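Colleague: Before anything else, here's the structure in question.
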Amino acid sequence: MPGHLARRFQQIAVAVFLAEVEQAGFDLTPVQYAALAAVSTNPGIDQITLAGLIAYDRTTITGVIDRLVQKNLVLREASSRDRRARVLTVTTEGKKMLRAITPAVEAAQATMLRGLTTAEGKELMRLLRKAIAAGNELSRAPLRDAAAGERG
């Protein structure tokens with residue numbers, strides 16, 4: 001069944017990511033990495049927009065950001081445009097971490113697809129994107145475009 005296979009692949013993907021990152025000497029989960037990378041590409045993004053951008057639950061993104069702030073990888077400040085919003089920027093330490101961790105993340109991605117040829121890996125990625133796009137709105141945490149989620 002596709003649900004079982006998706007869950008198994010997710011289990012493998014998380015285990016591989018954590019092993020590669022830990023072996024490289026880093027303490028970062030896949031969700032923390034996704035958040036850090038997204039904040040790096042979208043400086044000043046608010047937490048709710050970030051949650052949509054990485055397809056993560058809005059109520060639990062705060063815990064992810066809390067851990068990134070504790071690790072001095074992200075700075076969280078009140079928005080000058082909306083006092084209820086918290087805007088995020090990557091710290092110098094966070095930028096260093098992203099540069100240093102990239103080889104481990106790339107190795108993890110390669111390991112996840114190691115049983116496939118290059119063409120099969122590309123086809124799997126294409127099919128996953130297609131299936132995810134078709135079911136995006138069915139998710140409790142749908143993927144959102146950064147521009148669509150920005151607060152005024």
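Where a number appears in this text, it was derived from the coordinates with a stated rule and is not lab data. If you're wondering where the values come from, they're calculated on a predicted model, not measured in any experiment. No Cβ is skipped: glycine too gets one built from the backbone with ideal geometry, and neighbour counts run over all protein chains shown.
Colleague: When only C-alpha pairs under 8 Å and at least 6 residues apart count, what is the relative contact order of the chain, in percent?
Modeller: On the way: 156 pairs, mean separation 46.3, N = 152.
Value for the chain: 30 percent.
Colleague: Based on C-alpha coordinates, I'd like the Rg and Dmax of the stretch 1-77, in Å.
Modeller: Here Rg and the maximum Cα pair distance are 13.7, 44 Å.
Colleague: Add -39500 (n - 2.57) for each DSSP H run of 4 or more in the chain, then divide by its residues: what number comes out at 222 nm, to the nearest 500 deg cm²/dmol?
Modeller: Helices in the chain give a 222 nm mean residue ellipticity of -20000 deg cm²/dmol.
Colleague: Identify which of Gln47, Gln32, Gln11 has the largest mean-square fluctuation in a Gaussian network model of the chain, with springs joining Cα atoms closer than 10 Å.
Modeller: Top of the fluctuation ranking is Gln11.
Colleague: Hey, another quick one. Based on Cα positions only, what radius of gyration and what Dmax would you give for the chain, in angstroms?
Modeller: Both quantities, over Cα of the chain: 16.4, 50 Å.
Colleague: Please list, or write none, the lysines whose alpha carbon is within less than 25 Å of the alpha carbon of Lys71, excluding same-chain residues fewer than 8 places away.
Modeller: Filter leaves Lys95, Lys96.
Colleague: Then there is this: Could you work out how far apart the two model spin labels at Arg99 and Leu143 are, taking each label as a point 7 Å from the Cα in the direction of the beta carbon, and quote it in nm?
Modeller: Simple spin-label model gives 2.9 nm for this pair.
Colleague: Please sort by residue number the trypsin sites (Lys or Arg not before Pro) in the stretch 9-108 whose DSSP state is loop and whose Cβ has at most 14 other Cβ atoms within 10 Å.
Modeller: Of the trypsin sites (Lys or Arg not before Pro), the ones in loops of the stretch 9-108 whose Cβ has at most 14 other Cβ atoms within 10 Å are Arg58, Arg81, Arg83, Arg84.
Colleague: Let me ask something else about it. To the nearest 20 Debye, how big is the dipole of the stretch 54-135 about its Cα centre, given +1 on the beta carbon of each Lys and Arg and -1 on that of each Asp and Glu?
Modeller: Dipole of the stretch 54-135, to the nearest 20 debye: 240 debye.
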